[in-house]
């Protein structure tokens, strides 16, 4: 279960939920920023825990993700800043590019490091970064489905590890987003646990 929790500018709700419910993994945005972790670092970290649990026969678990995680990943922050600057000036040119060629167009216009990161993103997230913008022309980061981004990239990494003989488990992600209900209910513990347990094999 990949569970995104309200908290764009701080991870205190995710942290409090983790303290009360003890999930298998809780990502803290501020820690990611302090350690200068990349998106791939986070994916590898979660995938390794999934693989280790699978080796013990535990093909289930929960991951808590703060809503604003993407903005705390230094490399993603730099990518978003460059996209904002580029599209603020070249929005009309970009809109005239055929939809099927827009991804390649953006990659060709970015710096080498940012182009590599952008190319590694799932198609849906890459499109969100270029199309879903606020009235000021900036990426609407809160609309990015971080939980789906991570689970898709983790699934790809686990599939690769399976080919290499490093992983023999089963992986199928379920996604949840607790917004204001998480904020209101840090008496959330009962609802949170019953929601997850109802979907988790025993």
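State whether one or more residues within the range 15-22 are touching a helix residue (DSSP H, G or I) at 6+ places or on another chain (Cβ under 9 Å), at pLDDT below 95, part of a helix (DSSP H, G or I) and under 25 Å from residue 113 (Cα atoms). The answer is no; no qualifying residue exists. The single condition among (1) in contact with a helix residue (DSSP H, G or I) (Cβ under 6 Å, 6 or more places away or on another chain); (2) not in a helix (DSSP H, G or I) that residue 58 does not satisfy is (1).
Put simply, of 11, 38 the only residue that is touching a strand residue (DSSP E or B) at 6+ places or on another chain (Cβ under 9 Å) and at pLDDT below 95 is 11.
When residue 120 is tested against the conditions (1) farther than 23 Å from residue 8 by Cα; (2) in contact (Cβ under 8 Å) with a residue 60 or more places away in the chain; (3) in the same structural domain as residue 8 (by TED's automatic domain parsing), the lone failure is (3).
Taking the numbered list (1) at pLDDT below 95; (2) assigned by TED's automatic domain parsing to the domain that holds residue 41; (3) surrounded by fewer than 16 Cβ atoms within 10 Å (Cβ to Cβ) in turn, residue 147 passes all entries but (3).
Scanning the range 24-55 for residues that are in a loop (DSSP other than H, G, I, E, B), closer than 24 Å to residue 162 by Cβ and over 12 Å from the mean Cα position of the chain (by Cα) yields a single hit, 24. The residue list 106, 154 contains one member that is outside the structural domain of residue 66 (by TED's automatic domain parsing), crowded, with 17+ Cβ neighbours inside 10 Å and either modelled with pLDDT of 90 or more or more than 30 Å from residue 10 (Cβ to Cβ) (or both), which is 106.
The values are calculated or read from the model by the stated rules, or taken from the named source; none is laboratory data. Worth saying up front: this structure is predicted, and the values here are computed from it rather than measured. All Cβ positions, glycine included, derive from the backbone under ideal geometry; neighbour counts span all protein chains shown.
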